[in-house]
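Visitor: Take a look at this one; I'll ask things after.
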């Protein structure tokens, strides 16, 4: 009788051992680049013990426009795009960008005979923006450059005009001298052309919102342009800020000649830099 009970118990344990791994298997992880899903024919992306998403390297990196190479002697994965070279070494938490050492909290590995890399570190190293949608277990990668637009409604323009100046401007919104001040052929266009945004950002504005301030937080004699900064999040939601793009046009010890200095986009009221 005891032998029979032991046999039944052993069978039950074996059945549980076969069932548990299936029920506990992690759901698939999807990778999308600019909205298009990346196909992985054999080894699939997965989340490692460091809570990082590892993916077979070739498909996503080539989709991002990088050349992909493998050095078997050094066990290194090498990516190149637009003058940037990124190197991951199997089993190491150190990777390099153009020869400069960087540290990550996980490592590249060989899984299923495929070289798997932490996709966030790799994609961001070549200029992409990476997000994570936990609800769908999707890595969202964007390569699109920030956009500057001119589509504000008349109501929004009026709202932005009505916000009080932080300090008395040298030239108010609507003053004709603002447009062509300091030898700029077109001050408004100069600000737009030198504005650097993140890939998920869009700055929407109007020529009517340009003014010149000698007391703005960014410095003296700055040109300022009010507008709306939109940021698209990984889950598709959008954050929107009333903002000012501001920059100094002139000479300094940092620049040769009379040039545009860096354009900062700051949130009105908080002076938080957004770009």
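Visitor: For the structure I just gave you, tell me whether residue 108 is in contact with a strand residue (DSSP E or B) (Cβ under 8 Å, 6 or more places away or on another chain) and in contact (Cβ under 8 Å) with a residue 60 or more places away in the chain.
Guide: no
Visitor: Now, a different point. Of these, 139, 109, which one is crowded, with 18+ Cβ neighbours inside 10 Å and either modelled with pLDDT of 85 or more or part of a loop (DSSP other than H, G, I, E, B) (or both)?
Guide: Being crowded, with 18+ Cβ neighbours inside 10 Å and either modelled with pLDDT of 85 or more or part of a loop (DSSP other than H, G, I, E, B) (or both) holds for just one of 139, 109, which is 139.
Visitor: Does region 142-159 hold any residues that are without any contact (Cβ under 8 Å) to a residue 60 or more places away in the chain, surrounded by fewer than 17 Cβ atoms within 10 Å (Cβ to Cβ) and closer than 20 Å to residue 196 by Cβ, and which are they?
Guide: 145, 147, 149, 150
Visitor: Still on this model: Does residue 97 count as in contact with a helix residue (DSSP H, G or I) (Cβ under 8 Å, 6 or more places away or on another chain), assigned by TED's automatic domain parsing to the domain that holds residue 134 and either at pLDDT below 95 or exposed (fewer than 13 other Cβ atoms within 10 Å of the Cβ) (or both)?
Guide: no
Visitor: Can you pull out the residues in region 120-136 that are outside any strand (DSSP E or B) and either surrounded by 19 or more Cβ atoms within 10 Å (Cβ to Cβ) or modelled with pLDDT of 85 or more (or both)?
Guide: 120, 121, 122, 123, 124, 125, 126, 127, 128, 136 - these are the residues of region 120-136 that are outside any strand (DSSP E or B) and either surrounded by 19 or more Cβ atoms within 10 Å (Cβ to Cβ) or modelled with pLDDT of 85 or more (or both).
Visitor: Ok, one more. Could we say that residue 91 is under 30 Å from residue 32 (Cβ atoms), modelled with pLDDT of 85 or more and exposed (fewer than 14 other Cβ atoms within 10 Å of the Cβ) here?
Guide: The answer is yes for residue 91.
Visitor: With the checklist (1) modelled with pLDDT of 95 or more; (2) over 21 Å from residue 40 (Cβ atoms) in hand, flag the one item residue 78 doesn't pass.
Guide: Unmet for residue 78, out of (1) modelled with pLDDT of 95 or more; (2) over 21 Å from residue 40 (Cβ atoms): (2).
The values are calculated or read from the model by the stated rules, or taken from the named source; none is laboratory data. Everything quoted here is computed from the prediction, not taken from an experiment. Using ideal geometry, Cβ is built from the backbone for each residue, glycine included, and neighbour counts are taken over all protein chains shown.
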